[in-house]
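The values are calculated or read from the model by the stated rules, or taken from the named source; none is laboratory data. It should be emphasised that the depicted structure is a prediction, and the values quoted were computed from it without experimental measurement. Note that each Cβ is placed from the backbone with ideal geometry, even for glycine, and that neighbours are counted across all protein chains shown. Accessible surface is based on the protein model in full, side chains and every heavy atom, while ligands, DNA and RNA are left aside. Shrake-Rupley method; radii C 1.70, N 1.55, O 1.52, S 1.80 Å.
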Amino acid sequence: MPRNCLVINLDRCTGCDSCIVSCKLEHGLPLGTYFNRVIQVGPTGTYPNIERYNLPVQCQQCTHARCIEVCPTGASFRSEVDGTVQIDAHKCVGCQYCLYACPYGVRSFDVNEGVAKKCTLCQHLTADGKSKPACVHNCPGGARLFGDLDDSNSDVSRELAKYDDDCIHFLPQPQGESPLTRYILSPKYASWKDLV
């Protein structure tokens, strides 16, 4: 099973929010609902040594996905086709357990449909094996990459191979979630902060 995920190069992220806008347009999300958000980390330090970076946060595609573990109906599941964490709206009963279980706060509840929703990594686009998620396609800085971590020729694997381990980061893992999403932040630009 592939391990499809995002790699986000924070060295190149300008905080333009095009990932947020393209996601909202692609999924027709209403005001106040986001599958992706960008957090400004900092500024920290003392002038003139100030650091700041932009941190895009969306579904982390956790290896140990708590959202799947707590779902009573199997609506939250891992796709056998591409390995991504998805939601089957037909099985969702609106209990919102998955929203509470996610340590990253990246799930939403659609009150009109009575179901949980989240980033799908644009599975409807990427199912052909050639297309990219809307946020990746529309990132003007080329900061977002999509692919299979187990494929050494994928965009994500090739990007990660360019950097030393001290440049590759994950969001905190309070319950051992093991998120697949990787963040690249070089120490020459800023120091990684364990936030979310």
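Can you pull the accessible area of residue 53 for me, 1.4 Å probe, Å² to the nearest 10?
Using a 1.4 Å probe on the heavy atoms, I get roughly 10 Å².
What FRET efficiency would be calculated for the residue pair residue 112, residue 79, taking the C-beta separation as r and a Förster radius of 41 Å, to the nearest 0.05? Please list the in-between numbers first.
Values: r = 25 Å, r/R0 = 0.61.
Efficiency computed from Cβ-Cβ geometry: 0.95.
Sort by residue number and name the cysteines in the chain that have no neighbouring cysteine Cβ under 4.7 Å.
Lacking a cysteine Cβ partner under 4.7 Å: 5, 13, 16, 23, 62, 71, 92, 95, 102, 122, 139, 167.
At 1.4 Å probe size, put 118, 188, 24 in order of accessible surface, largest to smallest. Please report the intermediate quantities before stating the final value.
Values: 118 5, 188 160, 24 40 Å².
Final ranking, largest accessible area leading: 188, 24, 118.
Sketch the reach of a paramagnetic label on residue 123 as a point 7 Å from Cα along Cα-to-Cβ, and name the residues of region 5-42 whose backbone nitrogen lies under 14 Å away.
Backbone N within reach: 5.
Determine, from the Cβ-Cβ distance of residue 14 and residue 63 and an R0 of 30 Å, the FRET efficiency 1/(1 + (r/R0)^6), rounded to the nearest 0.05.
Numbers: r = 30 Å, r/R0 = 1.00.
Efficiency, from the Cβ-Cβ distance: 0.50.
Return the subset of 24/188; 91/193; 91/132; 130/162; 117/188; 24/130 for which the Cα-Cα distance in this structure is over 30 Å, preserving the input order. The partial results should precede the final answer.
Working: 24/188 33 Å; 91/193 37 Å; 91/132 27 Å; 130/162 23 Å; 117/188 37 Å; 24/130 22 Å.
Long pairs (Cα-Cα over 30 Å): 24/188; 91/193; 117/188.
What does the extension gain come out to for residue 173 and residue 1, with contour length at 0.36 nm per residue minus their alpha carbon separation? Numbers along the way, then the final one.
Values: separation 172, 0.36 × 172 = 61.92 nm, distance 2.28 nm.
Gain on stretching residue 173 to residue 1: 59.6 nm.
Work out how much length residue 165 to residue 193 would gain on full extension: take 0.36 nm times their residue separation and subtract the Cα-Cα distance, in nm to one decimal. List each step's numbers first, then the result.
Numbers: separation 28, 0.36 × 28 = 10.08 nm, distance 1.55 nm.
Full extension from residue 165 to residue 193 adds 8.5 nm.
Could you check which residue among 105, 15, 42 shows the biggest mean-square fluctuation in a GNM of the chain with a 10 Å Cα cutoff?
Fluctuation is largest for 42.
Would you list 14, 181 from the most to the least accessible area, probe 1.4 Å? Write out the running numbers ahead of the final one.
Details: 14 100, 181 0 Å².
The ranking, largest first, comes out as 14, 181.
May I ask you to list the residues of region 2-35 whose amide nitrogen lies under 12 Å from a point 7 Å from Cα along the Cα→beta-carbon direction of residue 89?
Answer for this model: 27-30.
Heavy atoms of the protein only, probe of 1.4 Å, neighbouring chains included. What is the accessible area of residue 115 in Å², nearest 10?
10 Å²
Once a ≥ b ≥ c are taken as the square roots of the eigenvalues of the Cα gyration tensor of region 135-192, is the result rounded (a/c under 1.5), prolate (a/b larger than b/c) or oblate (a/b not larger than b/c)? Mind showing how you got there, number by number?
Values: a/c = 1.44, a/b = 1.16, b/c = 1.24.
Note, shape of region 135-192 comes out rounded.
What is the P(r) of region 1-156, as percent of Cα-Cα pairs per 10 Å bin from 0?
Answer for region 1-156: a P(r) of 10, 37, 35, 14, 3, 0 percent.
Please report the accessible area of residue 97 (heavy atoms, 1.4 Å probe, ligands and nucleic acids excluded) in Å², nearest 10.
120 Å²
Quick one: accessible area per residue over the chain, 1.4 Å probe, rounded to a whole number of Å²?
Working: 10080 Å² over 196 residues.
On a per-residue basis, the chain sits at 51 Å².
Estimate the FRET efficiency between residue 157 and residue 21 by the formula 1/(1 + (r/R0)^6), using the beta-carbon distance for r and 30 Å for R0, to the nearest 0.05.
Numbers: r = 28 Å, r/R0 = 0.93.
Once rounded, the FRET efficiency stands at 0.60.
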